[in-house]
Amino acid sequence: MALTAAAWRTVIARAVQLEGEPIWGMTVESKRVDADLVVLSFVPSQIKQGAYTGQGEIRLDDSLEGATIRHKPLAREGGADDIAWAGTIISVLPNAQRVSIRITEGRHPVSKDPFIITPPSYLFGLHDWLDETKIAEDIDTVWSNRLTANTINARSCPPPPARLRTGQKAAYELIGAPIAIVWGPPGTGKTTTLASMAAGIAAAGHRLLVVAPTRVAADGATLAIDSALSAHGLSRSPGDLLRTDLPVLAAEFEARNPDLLIWAKEDRRFQSMLPRVQRESMEVRQKLLEEEGVAQDQAIAAAASLRDTEELLRTLWRARQKELVDRSRILVATTRQAINRSWAALFPHLFVDEASMVSVSDGTALLIQQNTAADRSLIFFGDARQLGPIAPRERGADDDAPNAQGPPFPVITPEQARDWFETSALEYAYRNLRDAGMRWAFLDEQSRMTPAICEIVSHHSYASKLRSAAEAPSPGLPPSFPDPIVVADPDLLPDWLTPLPNQRLPVAPSFTAGSPFSVHTARATARLARRLAQSGHSVVVCSPFRAQAAMLQRALADLPTIRAGTVHRIQGQEADATIFDPVNPTSPFLTGGQLAGRLVNVAASRTRQLLILVGTAAHLSRNAHLKPFVAAAKPLR
């Protein structure tokens with residue numbers, strides 16, 4: 001593919017329309033404060049009606065300020081006239097689950113009004129940054145030019161720890177390279193390698209930015225780096241290792257090292273002060289509607305003072321954030337937050353973890369932002385045979401994305417979407433820069449999977465270059481599951497499997513959006529998962545289809561040692577046992593192209609000792625990616 005700056009601007013502009021899963025909800029209470037100011041109370045919810053699907057949790061914080069909020073009828077009848085009101089969120093009261101909005105058109109909201117919030121997206125920031133930044137037209141050349149950048153002198157780094165394997169030590173030697181790749185298949189200690197390299201950089205007195213595409217991945221990298229710093233005996237002050245944002249693994253941070261929560265605690269302190277000021281401001285605004293004369297003048301002055309106080313609080317928090325970043329030696333953030341804040345420009349060393357999930361678009365932004373430094377090093381950590389980023393898709397004529405009624409934008413073709421969003425930065429760099437002299441290391445020893453599973457995974461996805469270390473786990477989970485790979489026919493389950501509780505029986509989803517599902521295989525999968533969990537084992541349950549994954553999540557929600565989801569969602573996790581429910585192994589989604597092979601690779605490589613395939617051996621064998629696993633499997637008895 002040929003990447004150009006003009007094409008990048010085009011696809012980002014269109015993706016701004018397509019990206020951004022809108023937040024759906026329904027008002028509980030609407031309180032008018034003045035002519036165009038309204039306070040809405042609501043409970044985050046999922047709305048499913050026709051073609052509309054509400055997704056996920058709403059994080060109520062100042063990141064929603066400036067977002068567009070508008071009324072949205074549940075029915076698709078009519079056109080734009082059905083939108084009764086629209087506005088902009090001007091402030092958020094997180095603890096009370098309330099937002100203040102400025103009405104820009106239409107009537108005031110009322111109770112039980114459904115609404116959509118279009119949150120500010122990192123793509124908006126990326127789009128603005130592109131407009132403000134001078135970029136060479138040929139993006140391919142921007143990448144290849146990095147190969148000739150100055151190498152950072154890494155001689156001051158200590159030697160690699162003796163406990164590292166041969167491949168990990170080779171990766172350690174990449175410290176300071178202008179651009180490099182550490183390719184770590186499942187179980188090869190990629191995160192351990194990253195953490196050891198980060199500790200080496202810290203020991204040399206250099207600064208490092210580590211980014212990851214998800215908060216969980218960023219949390220995992222932070223904890224690993226903290227352990228590596230301790231293992232190296234490096235003294236550090238609070239904030240030297242800084243995890244920005246609010247960690248998902250906050251409890252583990254608190255137990256391991258409370259200093260890792262400095263950013264989160266400062267954010268909590270700010271959030272505790274802001275609602276009081278906002279509440280007082282609302283009370284004063286209400287008083288404006290009731291008072292006259294001198295009392296009203298006093299209320300106006302008080303309101304202005306409170307607005308100034310609120311803005312001062314925000315300014316102080318932004319200044320405190322900058323102070324924390326400037327003081328840090330190792331900063332860990334999500335990819336999108338780092339791009340929004342242009343943090344790559346502040347650090348000579350940049351690590352991109354889980355880089356198979358980072359798009360070429362994001363990788364290019366990080367590369368260009370870091371190019372402002374004279375000496376710089378960019379290292380991608382990941383696995384080119386894992387699942388890549390998910391691209392924004394065209395929604396059709398009834399697009400509900402922001403600016404849908406504005407000036408027309410070019411449509412993203414499937415080829416453009418694949419080049420910019422579905423192609424990972426790791427894959428692009430490996431394919432285009434390896435033969436031009438880019439250094440890279442392959443971690444070829446794994447200790448996660450039992451050797452029987454590793455052998456098939458290695459042949460299937462890694463040209464038989466992945467091998468098992470001596471400490472790889474033993475096969476199977478006896479007595480019930482003595483074999484490492486098992487085929488479980490839903491019609492021939494053994495009597496010793498406990499029936500499901502009535503309240504946990506998988507039922508057909510009411511809304512599927514065309515996603516395949518099977519209640520029959522879901523019930524078999526849930527029975528198997530429960531038996532394993534009750535035996536004290538950790539379990540990953542996955543399906544390639546969202547409707548099936550949702551059924552399994554609901555059926556197994558009461559068991560904390562079971563993690564259920566789509567294959568995309570469980571990437572990066574591991575457990576004693578993995579149960580893969582393909583629903584229909586001969587569907588085009590699972591049989592054709594590169595993605596199908598990667599789905600199977602991710603599903604199979606989550607396990608340590610046991611892989612269970614749900615279905616009949618004959619049906620499963622019709623899938624070329626599953627066939628070698630079925631050939632090595634034993635039927636469940």
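The values are calculated or read from the model by the stated rules, or taken from the named source; none is laboratory data. Model, not experiment: these values are computed from the prediction. Using ideal geometry, Cβ is built from the backbone for each residue, glycine included, and neighbour counts are taken over all protein chains shown. Just so you know, the surface numbers come from the protein's heavy atoms only, side chains and all, with ligands and any DNA or RNA stripped out. Shrake-Rupley method; radii C 1.70, N 1.55, O 1.52, S 1.80 Å.
Listed values, structure above:
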read-out: Computed magnitude of the charge dipole of segment 100-244 (debye, nearest 20; Cβ of K, R +1, Cβ of D, E -1); value: 660 debye
read-out: Relative contact order of segment 512-637, defined on C-alpha pairs under 8 angstrom at six or more residues apart (%); value: 24 percent
read-out: Chymotrypsin sites (Phe, Trp or Tyr not before Pro) lying in DSSP loop within segment 411-502, provided at most 13 other Cβ fall within 10 Å; value: Trp496
read-out: Rounded if a/c under 1.5, otherwise prolate or oblate - segment 580-637, Cα gyration tensor axes; value: oblate
read-out: Accessible-area ranking of Arg155, Arg269, largest first, probe 1.4 Å; value: Arg155, Arg269
read-out: Whole-Hz ³J(HN,Hα) from phi, Karplus 6.51 cos²θ - 1.76 cosθ + 1.60, for segment 606-622, glycine and proline x; value: 7, 8, 9, 10, 9, 10, 10, 9, 9, x, 8, 4, 5, 5, 4, 5, 6
read-out: Residues with amide H under 5 Å from that of Phe481, placed H, sequence gap 5 or more; value: none
read-out: Filtered chymotrypsin sites (Phe, Trp or Tyr not before Pro), segment 502-564: DSSP coil and at most 15 other beta carbons within 10 Å; value: Phe511
read-out: Dipole of segment 414-533, positive direction: furthest Cα of Pro484, Ile453, Gln503, with charges on the beta-carbon; value: Gln503
read-out: Estimated dipole of segment 184-265 in Debye, rounded to 20 [Cβ of Lys and Arg +1, of Asp and Glu -1, Cα centre]; value: 160 debye
read-out: Trypsin sites (Lys or Arg not before Pro) restricted to segment 454-519 and DSSP loop, no more than 13 other C-beta within 10 Å; value: Lys465
read-out: Prolate/oblate/rounded call for segment 484-637, Cα gyration tensor, a/c under 1.5 rounded; value: rounded
read-out: Over 32 Å between alpha carbons, listed pairs Lys134/Lys169; Lys112/Lys265; Lys134/Lys465; Lys190/Lys265; Lys169/Lys627; Lys134/Lys265; value: Lys134/Lys169; Lys112/Lys265; Lys134/Lys465; Lys169/Lys627; Lys134/Lys265
read-out: Per-residue HN-Hα couplings for segment 428-433 [Karplus 6.51, -1.76, 1.60; θ = phi - 60°; Hz; x = Gly/Pro]; value: 4, 5, 5, 6, 9, 10
read-out: Mean separation of Cα contacts under 8 Å, 6 or more apart, over the residue count of segment 156-230: relative contact order %; value: 34 percent
read-out: Amide hydrogen neighbours beyond the local backbone of Ser359, cut-off 5 Å, H modeled; value: Ala425
read-out: 5 angstrom amide H check on Gly615, placed H, neighbours 5+ away; value: Ala488, Asp489
read-out: Segment 127-258 shape via C-alpha gyration tensor axes, a/c threshold 1.5; value: oblate
